[in-house]
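This report concerns only the one structure given below.
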């Protein structure tokens with residue numbers, strides 16, 4: 001299932017080499033607030049400096065670089081669970097404080113060039129889209145992350161929450177993209193349309209990665225954690 005990542009990732013790999021070979025990992029640095037500059041620092045040295053598990057960081061980078069990548073269960077340890085939950089929570093903050101506001105700013109630019117009917121329709125679709133995403137984050141916090149954090153001998157986290165919603169997000173993304181591409185008046189500049197489309201498709205793809213991390217990293221780690229508690 002795994003494709004060959006452009007450059008094999010290892011603790012000795014230079015940080016610049018990592019970013020240059022797999023630019024999709026840049027968002028990991030942003031959401032974990034990892035400090036710059038790096039100089040010639042290796043991945044292992046950076047993780048040691050900032051207190052992150054090198055093995056887990058490499059897994060996250062691999063899952064961002066290749067959405068088909070699945071970590072081997074044999075590479076996972078129960079003590080990775082708190083750090084993965086911290087990363088997923090940081091991702092929620094990154095979406096809410098960076099990616100959604102960035103797309104919203106492009107939306108306002110578009111609305112300034114649209115007629116009143118188009119403004120009303122596009123704003124309604126976009127508000128529904130962002131509300132759905134934020135509500136989903138809240139459900140994950142309440143029914144997965146908080147339950148896992150409070151678990152002792154067993155865990156009743158509701159993983160069905162992350163099994164189903166991303167088809168809905170894709171559908172909602174397609175609805176907005178269709179409006180921006182097909183239905184807005186010619187007075188809306190193409191550059192503004194493309195800027196917003198780039199943002200919402202980037203968000204869609206990152207949410208797909210987020211879902212993969214929940215299903216193929218968080219969920220197996222919970223099972224490993226419960227096994228160690230039995």
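When residue 1 is tested against (1) more than 23 Å from residue 202 (Cβ to Cβ); (2) at pLDDT 90 or above, just one condition goes unmet, and that condition is (2). Can you name the number of the only condition in (1) buried (at least 18 other Cβ atoms within 10 Å of the Cβ); (2) closer than 23 Å to residue 189 by Cα that residue 148 fails? Every condition holds for residue 148 apart from (2). Might you let me know whether segment 4-14 holds any residue that is in contact with a helix residue (DSSP H, G or I) (Cβ under 9 Å, 6 or more places away or on another chain), at positive phi, modelled with pLDDT under 90 and in a loop (DSSP other than H, G, I, E, B)? Among the residues of segment 4-14, not one is in contact with a helix residue (DSSP H, G or I) (Cβ under 9 Å, 6 or more places away or on another chain), at positive phi, modelled with pLDDT under 90 and in a loop (DSSP other than H, G, I, E, B), which makes the answer no. Criterion applied to 12, 45 was being in contact with a strand residue (DSSP E or B) (Cβ under 7 Å, 6 or more places away or on another chain) and more than 23 Å from residue 91 (Cβ to Cβ), and the one residue passing it is 12.
The listed residues are 32, 88, 58, 81, and the only one of them that is more than 30 Å from residue 135 (Cβ to Cβ), surrounded by 17 or more Cβ atoms within 10 Å (Cβ to Cβ), out of contact with any strand residue (DSSP E or B) (no Cβ under 9 Å at 6 or more places or on another chain) and touching a residue at least 40 places away in the same chain (Cβ under 8 Å) turns out to be 58. Taking the criterion of being more than 21 Å from the chain's Cα centre (by Cα), exposed (fewer than 12 other Cβ atoms within 10 Å of the Cβ), modelled with pLDDT of 90 or more and assigned to a loop (DSSP other than H, G, I, E, B), would at least one residue in segment 36-49 satisfy it? Within segment 36-49 (the criterion being more than 21 Å from the chain's Cα centre (by Cα), exposed (fewer than 12 other Cβ atoms within 10 Å of the Cβ), modelled with pLDDT of 90 or more and assigned to a loop (DSSP other than H, G, I, E, B)), the answer is yes, since at least one residue qualifies. The number of residues in segment 67-76 being in contact (Cβ under 8 Å) with a residue 60 or more places away in the chain and touching a helix residue (DSSP H, G or I) at 6+ places or on another chain (Cβ under 7 Å) comes to 6. Taking segment 116-149 on its own, how many of its residues are without any contact (Cβ under 8 Å) to a residue 40 or more places away in the chain and touching a helix residue (DSSP H, G or I) at 6+ places or on another chain (Cβ under 6 Å)? Qualifying residue count, segment 116-149: 5.
The values are calculated or read from the model by the stated rules, or taken from the named source; none is laboratory data. The model shown is predicted, which means the values in this text are computed figures rather than measured ones. So basically every Cβ, Gly included, is an ideal-geometry build from the backbone, and we count neighbours across all protein chains shown.
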